[in-house]
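Encoded as structure tokens, the structure appears first; notes follow it.
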Amino acid sequence: MLLSGRGSNLQSILSASQSGALGGDIALVISNRPDSGGLDIARDAGIEIALIDHQAYATREAFDASLAGALENQSLDLIVLAGFMRILTPAFVSRFSGRLINIHPSLLPLYPGLNTHQRALDAGDTHAGATVHYVTRELDGGPSVLQAKVVVQPDDDADSLAARVLQVEHQIYPQAIAWHLSERLQFTAGTLYLDGVALPPTGQRWESV
Ligand code: GAR
């Protein structure tokens, strides 16, 4: 797992792993930031951790090569980006193609990139949400697995909306990872299938109100 911050998604995935719902274990947690709360969560759970500080590398390529080296040393079924706030190089993405998954705090294809909640509020959207998707070279553009919506409340600001979206993130990310680990997802000819049934471009829908 790769992360940069507080690690609440790590915590939800860890809980699913411990309850048996995930169908797998977290082998390694890598952060690019020394102050990540996620590193503390992983350490306390007895998970191997690594700090690969991007500031120590002159180029994005050099950082990604170091990251790839740490990951290649393990036999990993899936590389989970959980609040990992670095854009990965095409070389890195190609190397782990089909084994890289991300959660993004918007209803993709709306609002790739940063400040998703403020952008949804500024647009007057009635709903916001989160999307789990496989990672491709296109930023936040890979095939969607699972998407959850929440209702935007009249008094929402970016923080309150982010907090409500985070609650559904904690439900959909472990679910999507479990689907991958049990080989229920197949990507063929540009379409993602769950149990042999084609998913819509936005992924399986997970409604929440
Ligand atoms: C989550 O909201 C996640 O969707 C977002 O960062 C947060 C991490 O929280 N990811 C991105 O914005 C990726 N572009 P966490 O550290 O508590 O899991």
Order by neighbour count: ASP77, ASP159, fewest other Cβ atoms within 10 Å first, most last. ASP159, ASP77
Apply the Karplus curve 6.51 cos²θ - 1.76 cosθ + 1.60, θ = phi - 60°, to the phi angles in segment 71-78 and return the couplings in whole Hz, x for Gly and Pro. 6, 5, 6, 10, 9, 9, 7, 7
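Size of the dipole of segment 77-209 about the Cα centre, Lys and Arg at +1 and Asp and Glu at -1 on the beta carbon, nothing else charged, in debye to 20?
Working: 9 positive and 13 negative charges, 101 e Å.
Dipole magnitude for segment 77-209 comes out near 480 debye.
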Alpha carbon convex hull of segment 123-194, projected area averaged over orientations, nm²: 5.8
For segment 143-209 and segment 22-98, what is the separation of their C-alpha centers, rounded to whole Å? 22
Once both label points are put 7 Å beyond Cα along the C-beta direction, the ALA70-ALA198 separation in nm becomes 4.0
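Taking neighbour counts of Cβ atoms within 10 Å as a proxy for exposure, in what order, fewest first, do SER15, SER75 appear? If you can, show how the numbers build up before the last one.
Values: SER15 14, SER75 6.
Ascending Cβ contact count within 10 Å gives the list SER75, SER15.
Report, as a whole number in µm² per second, the diffusion coefficient that Stokes-Einstein gives for segment 68-190 at 25 °C and 0.890 mPa s using the Kirkwood radius over alpha carbon pairs. Don't jump to the answer; show the numbers that get you there.
Numbers: Rh = 15.2 Å.
It comes out at roughly 161 µm²/s.
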Calculate one ³J(HN,Hα) per residue across segment 188-198 by plugging θ = phi - 60° into the Karplus curve 6.51 cos²θ - 1.76 cosθ + 1.60, and present them in order as whole Hz with x for glycine and proline. 9, 6, x, 10, 9, 10, 10, 6, x, 9, 4
Going by how many other Cβ atoms sit within 10 Å of their own, how do ASP140, ASP125, ASP40 line up, fewest first? ASP40, ASP125, ASP140
Just from its helices, what would the mean residue ellipticity at 222 nm be for the chain, if runs of 4 or more DSSP H residues each count -39500 (n - 2.57) and the sum is divided by every residue, rounded to the nearest 500 deg cm²/dmol? -10500 deg cm²/dmol
Which residues' amide hydrogens lie under 5 Å from the amide hydrogen of LEU192, considering only partners 5 or more residues apart or on another chain, with H built in the peptide plane? LEU199
So what's the chain giving for Cα Rg divided by 2.2 N^0.38 Å, two decimals? 0.99
Just want to confirm a number: the relative contact order over the chain, from Cα pairs under 8 angstrom separated by 6+ residues, in percent. 19
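Values in this text are rule-based calculations from the coordinates and carry no lab data. The structure displayed is predicted, hence computed values, not measured ones. When we count neighbours, we look across all protein chains shown, and the Cβ atoms used for this are built from the backbone with ideal geometry, even at glycine.
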